[in-house]
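Participant: Dropping the structure in here first, questions after.
Values quoted throughout were computed directly from the atomic coordinates according to the rules given, and no laboratory measurement underlies them. Model, not experiment: these values are computed from the prediction. Every residue, glycine among them, receives a Cβ derived from its backbone with ideal geometry; neighbour counts consider all protein chains shown.
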Amino acid sequence: MSIAKKITGQAGIYFAGTLFSVAIGFFFKIYISKELGADMLGIYALGMTVVTILSVFLSLGLGNGLVRFVSKYIAQENYTQLHTYLRKTLSITVMMSVISASLFFIIPDIIAGTLLNSPELTPYLPYFGVLLFINAIITLCDQTIRGLQEVRKSTLIGHFIRLPLKIAIAVGFITIGYQLEGYIWAEIIGAIVALGLFFGLIKKLLPKQMPKLTLKPSTLVTKEERTFGNNMLLINTIGLLQGQGDKIVLAIYLTTTDLGIYSIALTLTAFVPTILLSVNAIFTPIISQLHTEKRMQELKKYYQASCKYIFVLTIPLIVFLIVFNQPMLNVFGEEFKLGGQVLILLLIAQVINTSTGSVGMMLNMTGLERVSRNSAIIIAVLSIIGYLLLIPKYGLIGIGITKLVVVLVQSGYAVFMLYSKQHIQPFNMSYVKIIIVFLISAFAYYYLGEGTLDDLAHPLWLFVGLCVTYLIFVSLFLVFSAKEDRQFIKSLMNKSVKA
């Protein structure tokens, strides 16, 4: 099997799992929101946020190097150093996880009440402590399997076994009256089952020449491993501030009910970048190859085309969610309709994000990764400042405004740096034409469609509305697109078939 086929095949399975998780997770979130309500959903979201934040630090950065160094040492047949790296990473993670999880049992009132200003989280923190420990080991397993280049099997366990099992157990527990406690226990049981499957898979995949993990390592962690781990820890910490800071600040200044409403808005926006993420997974190795071979004009052509098609396929979903935000939120429950304004702001931010396509990958794969790192630092600081200033004053709207400004700055900076360094930009005349047509149509559609389905919030009618929205915008694209667009699509499909 060629490298290209292997990458494409693994990426296809991975994103099939992602789409499956997003779809089934959406309907499960509707069920959970109706059964638990915004307040309990907010408590769960806050608990998982604490788990996510602490998880970044548990391996001291070494866990992030598993994908790189497992693959490297197997290729070099350096099984002694592979054993050392795995053993050290596991030992550090277990030690840090035990210490961190213990705090959830010893001082839950201080963590929930004093630090997070959410005393209602206190009785549930010990459960999240158990989940913290299990998830930390699962993360190491997942990274190790990726380093062993078996993404398909990892995806099978994570998306097609753990998630459905968790949902089934959660529904059972909630039905018999355990509510939020049952939901958390379902998460724990699903994680335990996944961990067992991961252990069994890793045992089969690791080279037989490698010493057993029960044996003490005979070498030390290298300088390269520590340096890489430290860099990744810094990058992940910065990303953490940007990605989770909103929930922490929200919990401190607002209520768990607000957090529950916000989590539903995030659930709806999670669908939007799916096409962009899929293209990133497939397009990334192509960027690297074309840049290495100095085929920059061809790279520019593919990048601009991908931006256009990502935009064309994503905008209908964004427009639909903006126009029918109230009936969509009402599917989860009447109280979640309060998240309509923040949802609209998040969706407008996604318009900017998807319009520039894989600009971040373009920077990273063309030797401009330092630009991405510097941008991440600036954006993280800007995000935290925005949250601290705007959330206390404007509530959920403050989060939406911050997200919108941050995405605008981040995308604008990335596009500017890519053009100044590589003379590549996402926009050409045919793409600009489509953007103008789509934006004018979106405004018209908004004013014509706003409120149309407010009294018809049945999922079937919403699905019909989504199909009509896509039909309108795809038809507009076919009318206003150039001939080279259709020719490019045909050639791309032919190349995919031949590959």
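Participant: Report, in listed order, any pair from Lys153/Lys421; Lys29/Lys403; Lys153/Lys300; Lys337/Lys403 with a Cα-Cα distance greater than 28 Å.
Facilitator: Long pairs (Cα-Cα over 28 Å): Lys153/Lys421; Lys153/Lys300.
Participant: Here's another thing I want to ask about it. Suppose we keep just the alpha-carbon trace of the chain; what are its Rg and Dmax in angstrom?
Facilitator: That works out to 23.5, 71 Å for Rg and Dmax.
Participant: At what distance in nm do the modelled label points of Leu19 and Ile252 sit from each other, each positioned 7 Å from its Cα along Cα→Cβ?
Facilitator: Inter-label distance under the simple model: 4.1 nm.
Participant: So for the stretch 209-262, Kirkwood radius off the Cα pairs, Stokes-Einstein at 10 °C and 1.306 mPa s: how many µm² s⁻¹?
Facilitator: Value of D from the Cα-based Kirkwood radius: 107 µm²/s.
Participant: Something else: What's the local net charge at Pro123, with K and R +1, D and E -1, over the other residues with C-beta under 10 Å away?
Facilitator: -3
Participant: On to the next question. Which of the listed residues, Thr114, Leu140, Leu180, is farthest toward the dipole's positive end in the stretch 3-222, when Lys, Arg count +1 and Asp, Glu count -1 at the beta-carbon?
Facilitator: Leu140
Participant: May I ask you to evaluate 6.51 cos²θ - 1.76 cosθ + 1.60, the Karplus curve with θ = phi - 60°, for each residue of the stretch 208-219 and list the ³J(HN,Hα) values in order in whole Hz, giving x for glycine and proline?
Facilitator: In residue order, the calculated couplings are 5, 6, 6, x, 5, 5, 6, 7, 5, x, 9, 10 Hz.
Participant: In deg cm²/dmol and to the nearest 500, what is the mean residue ellipticity at 222 nm of the chain if only DSSP H runs of at least 4 residues count, each as -39500 (n - 2.57), divided by the residue total? Each step should come with its number before you reach the end.
Facilitator: On the way: 19 runs with 393 residues, N = 499.
Helices in the chain give a 222 nm mean residue ellipticity of -27000 deg cm²/dmol.
Participant: As a test of the definition: which semi-axes, in Å, follow for the stretch 3-222 when you take the square root of five times each eigenvalue of its alpha carbon gyration tensor? Largest first, please.
Facilitator: Each semi-axis is the square root of five times an eigenvalue, giving 33, 23, 13 Å.
Participant: When Lys and Arg each count +1 and Asp and Glu each count -1, what net charge do the other residues less than 14 Å away from Ile377, Cβ to Cβ, add up to?
Facilitator: Working: positive: Arg370, Arg373; negative: Glu369.
That works out to +1.
Participant: Residue separation times 0.36 nm, minus the C-alpha to C-alpha distance between Leu408 and Ala270: what's the value?
Facilitator: 47.8 nm
Participant: If you don't mind, another one. Considering all projection directions equally, how large on average is the shadow of the alpha-carbon convex hull of the stretch 40-88, in square nanometres?
Facilitator: Averaged projected hull area, Cα only: 4.1 nm².
Participant: Can you compute 3J(HN,Hα) from phi for each residue in the stretch 367-381, using the Karplus curve 6.51 cos²θ - 1.76 cosθ + 1.60 with θ = phi - 60°, rounded to whole Hz and x for Gly and Pro?
Facilitator: The phi angles translate into x, 10, 5, 5, 4, 5, 4, 4, 4, 4, 5, 4, 5, 4, 5 Hz.
Participant: How would you classify the stretch 101-200 from its alpha-carbon gyration tensor, with a ≥ b ≥ c the square roots of the eigenvalues: rounded for a/c under 1.5, else prolate if a/b is greater than b/c, otherwise oblate?
Facilitator: Verdict is oblate for the stretch 101-200.
Participant: If a/c stays under 1.5 just call it rounded; otherwise compare a/b with b/c (prolate if a/b is bigger, oblate if not). Do that for the stretch 310-409, with a ≥ b ≥ c from the square roots of the Cα gyration tensor eigenvalues. Kindly include the intermediate steps, with their values, before the conclusion.
Facilitator: Numbers: a/c = 3.53, a/b = 1.40, b/c = 2.52.
Judged from the Cα gyration tensor, the stretch 310-409 comes out oblate (a/c at least 1.5, b/c at or above a/b).
Participant: How long is the gain from Tyr470 to Val437 if the chain were fully straight, where each residue apart is worth 0.36 nm and the alpha carbon distance is subtracted?
Facilitator: Additional length available on full extension: 10.4 nm.
Participant: Note down the net charge around Leu220, summing +1 for each Lys or Arg and -1 for each Asp or Glu among other residues with Cβ under 15 Å from its Cβ.
Facilitator: My count for the surroundings of Leu220 gives +3.
Participant: Now, a different point. Work out the FRET efficiency for Ser102 and Gln76 from their Cβ-Cβ distance, taking R0 = 35 Å, and round it to the nearest 0.05.
Facilitator: With a Förster radius of 35 Å, E is 0.35.
Participant: In nanometres, what is the gap between the two model label sites at Leu156 and Thr114, each 7 Å from Cα along Cα-to-Cβ?
Facilitator: Each label point is offset 7 Å from its Cα along the Cβ direction, giving 4.9 nm.
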